[in-house]
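Report on the structure given below.
The values are calculated or read from the model by the stated rules, or taken from the named source; none is laboratory data. What you see is a predicted model, and the numbers here were worked out from it, not measured in a lab. So basically every Cβ, Gly included, is an ideal-geometry build from the backbone, and we count neighbours across all protein chains shown. Accessible surface areas use protein heavy atoms only, side chains included; no ligands, DNA or RNA. Shrake-Rupley method; radii C 1.70, N 1.55, O 1.52, S 1.80 Å.
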Amino acid sequence: MAAAWQDVVRDAAAVREAAAVAVDAALLAGVLMRTGEQPNASDVVNYAPFTLLPSAVPRALFEQAYAVQQDFNLLVDAVSQNREFLEQTLASTIKVDDFTARLFRIYKQVLEEGLAQTVVLGINRSDYMFDCGLEGTAALRQIEINTIAASFGGLTSRTADVHRLVLKVLGKSEEASQLLPNNPAKGLALGIAKAWELYGSQRAVVMFLVEEVQRNIFDQRCVENELWNRNIRVVRKRFRDVFEQGSLDASRRLYMDGQEVAVVYYREGYVPQVYDEQNWEARLLLERSRAVKCPDIATQLAGTKKVQQELSRQGTLEKLLPGHPEAIARIRATFAGLYSLDEGEEGDRMAATAIADPDRFVLKPQREGGGNNLYGEELREVLEKIKDSPERTSYILMDKIKPQPALNYLLRAHSPLQVSECISELGIFGVYVRQGRELVLNQAAGHLLRTKAIEHADGGVAAGVAVLDTPYLV
């Protein structure tokens, strides 16, 4: 916790007053989620969980994370265009991971048919933690890059205003004025709007592909409203709607209910559980179409953990980004130690090392959405079980990052107000648009800070573990 809050955090009366103001301010600002009891109805809603106080973030590391985002956009785009790299990197994974294998089959089928899509839209979020290491100086370490359905760009656009008010209520107007403006929703909408414009049909719509259970609808509505403000029509559809109503014409233009679709923005489709055979058919239909997919299936594959691990291998970045030595240096400076569990001597050695010292590592499967990683004793048990099986190749190992905890209050509906030791994760949103070979847009689009109590090893806001936060730069 920044020294600025030490006087507040133990003042029970001031905290109670500030928390009451904060909850009302969050409701007023639209920092909202639907309830678990009625996840598809907006007639009963509550505030999305958030911290009472903004969390201290080292300014130099925050600036480093922003400075490298355009480089990561370039890298993801380069990986998505490199069939040979994706085939080689994912060869072992697709033998044992059915979900990645199904995605990969669609990827190959679409390539062999010939891509109808000429405009590429990428919306990424690169997530980091601040590793204190042995020397005690914090370093920026990338956890992962999300290339599909990166969420909370909408709600985090509204969270800083709540924290500004809280600081003023606590007599810290000077500190309140130092919180940065942040509007990822606008930046994400800018990318979608550019892709829609380049698609070239004023009548065509943007389709948000959404979940069956839509608790986090207000986060998406923030981006939607930015598009409506630009007079771009938005529709919301699920995979089953695509299966029932979707069709392609002779030019592979995508139609839903007779409406032409220019852009498909996925807020769904990153976990195996959502796919039955109908939904796989719907996904293939979308990928075969001329519509701009965000992400297309190649870009989703570029975000897999196995690709992340392979990118950290010496010489890989140089092959993917020739002529960009400065970008490569900036990217490599954020990497944590990443290790392959492929069959062979290297994988055998890493599995044995992790079993002997499980607290050094995180075991990561090829999954998005939070709550999937394994730590400590659980990591050891799983690796013991699969160490001699090809199944281990569906995981990678990463060095465990050790951030410095700080005190804060995590405000959740129907939960007691109590101080917690917390750690934070910083995400930077990136947006890029490419038409043919030309990159027409490449920028960082805002940030997201999520904070959780130290007893939770894994999980995001949607997974119910972390809460929304605002960086206070120190």
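How do the helices (runs of 4 or more DSSP H) wholly within segment 1-84 filter down when requiring 1 or more residues that are closer than 28 Å to Val419 by Cβ: which remain?
Ranges flagged: 6-9, 12-29, 59-67.
Might you let me know whether segment 53-64 holds any residue that is in contact with a strand residue (DSSP E or B) (Cβ under 9 Å, 6 or more places away or on another chain), aromatic (Phe, Trp, Tyr), buried (at least 19 other Cβ atoms within 10 Å of the Cβ) and not assigned by the TED database to the domain that holds Leu317?
Within segment 53-64, one or more residues are in contact with a strand residue (DSSP E or B) (Cβ under 9 Å, 6 or more places away or on another chain), aromatic (Phe, Trp, Tyr), buried (at least 19 other Cβ atoms within 10 Å of the Cβ) and not assigned by the TED database to the domain that holds Leu317.
Quick check: anything in segment 437-451 touching a Cys at 6+ places or on another chain (Cβ under 6 Å) and either open to solvent by 50 Å² or more (accessible area, probe 1.4 Å) or closer than 30 Å to Val9 by Cα (or both)?
yes
Look at segment 356-405 and say how many of its residues are within 19 Å of Glu343 (Cβ to Cβ), basic (Lys, Arg) and at pLDDT below 85.
Residues in segment 356-405 being within 19 Å of Glu343 (Cβ to Cβ), basic (Lys, Arg) and at pLDDT below 85: 0 in total.
Those residues that are modelled with pLDDT of 95 or more and loosely packed, with under 14 Cβ neighbours inside 10 Å, I need them from segment 112-135; list them, please.
Glu112, Glu113, Gly114, Thr118
For segment 338-352, check the following and say yes or no: at least one residue is within 22 Å of the chain's Cα centre (by Cα), farther than 14 Å from Leu75 by Cα and of a type outside the set (Val, Ile, Thr).
Checked against the condition, which is being within 22 Å of the chain's Cα centre (by Cα), farther than 14 Å from Leu75 by Cα and of a type outside the set (Val, Ile, Thr), segment 338-352 yields at least one hit.
From the list Gln64, Gln6, which residue is over 26 Å from the mean Cα position of the chain (by Cα) and within 17 Å of Pro471 (Cα to Cα)?
The match here is Gln6.
Tally the residues that are open to solvent by 30 Å² or more (accessible area, probe 1.4 Å), of a type outside the set (Asp, Glu) and under 21 Å from Val307 (Cβ atoms), restricting the search to segment 372-429.
The qualifying residues number 5.
Among the small types (Gly, Ala, Ser), open to solvent by 10 Å² or more (accessible area, probe 1.4 Å) and part of a strand (DSSP E or B): which single residue out of Ser247, Ser251 fits that description?
Selected residue: Ser247, the only one of Ser247, Ser251 that is among the small types (Gly, Ala, Ser), open to solvent by 10 Å² or more (accessible area, probe 1.4 Å) and part of a strand (DSSP E or B).
Just to be sure before I move on: is Gly191 free of Cβ contacts under 8 Å to residues at least 12 places away in the same chain and either buried (at least 21 other Cβ atoms within 10 Å of the Cβ) or in the same structural domain as Gly464 (by the TED database) (or both) in the structure I sent?
No, not satisfied.
Exactly one condition in (1) of a type outside the set (A, V, I, L, M); (2) surrounded by fewer than 19 Cβ atoms within 10 Å (Cβ to Cβ); (3) at pLDDT 95 or above; (4) over 25 Å from Asp71 (Cα atoms) is not met by His163; state its number.
(2) is the only condition that His163 fails.
At least 1 residues that are under 30 Å from Gly191 (Cβ atoms) and polar (S, T, N, Q) in each: list the strands (runs of 3 or more DSSP E) lying fully within segment 381-474 that qualify.
Counting at least 1 such residues, we get 419-435, 438-453.
Between Asn225, Asn182, which is touching a helix residue (DSSP H, G or I) at 6+ places or on another chain (Cβ under 9 Å), open to solvent by 60 Å² or more (accessible area, probe 1.4 Å), closer than 26 Å to Ala29 by Cα and not basic (Lys, Arg)?
Asn225
Consider segment 333-355. How many of its residues are among the acidic types (Asp, Glu) and open to solvent by less than 50 Å² (accessible area, probe 1.4 Å)?
Residues that pass the stated criteria total 1.
Can you confirm whether Tyr265 is of a type in the set (Ser, Thr, Tyr), in a strand (DSSP E or B) and surrounded by 22 or more Cβ atoms within 10 Å (Cβ to Cβ)?
yes
Counting just the residues of segment 194-222 that are over 19 Å from Ile428 (Cα atoms) and polar (S, T, N, Q), which one comes out most open to solvent (accessible area, probe 1.4 Å)?
Checking each candidate, the answer is Gln202.
State the number of residues belonging to segment 136-148 that are part of a strand (DSSP E or B) and open to solvent by 50 Å² or more (accessible area, probe 1.4 Å).
1
Scan (1) part of a loop (DSSP other than H, G, I, E, B); (2) modelled with pLDDT of 95 or more; (3) farther than 21 Å from Ala193 by Cα for the single condition Ile232 breaks and write down its number.
The number of the failed condition is (3).
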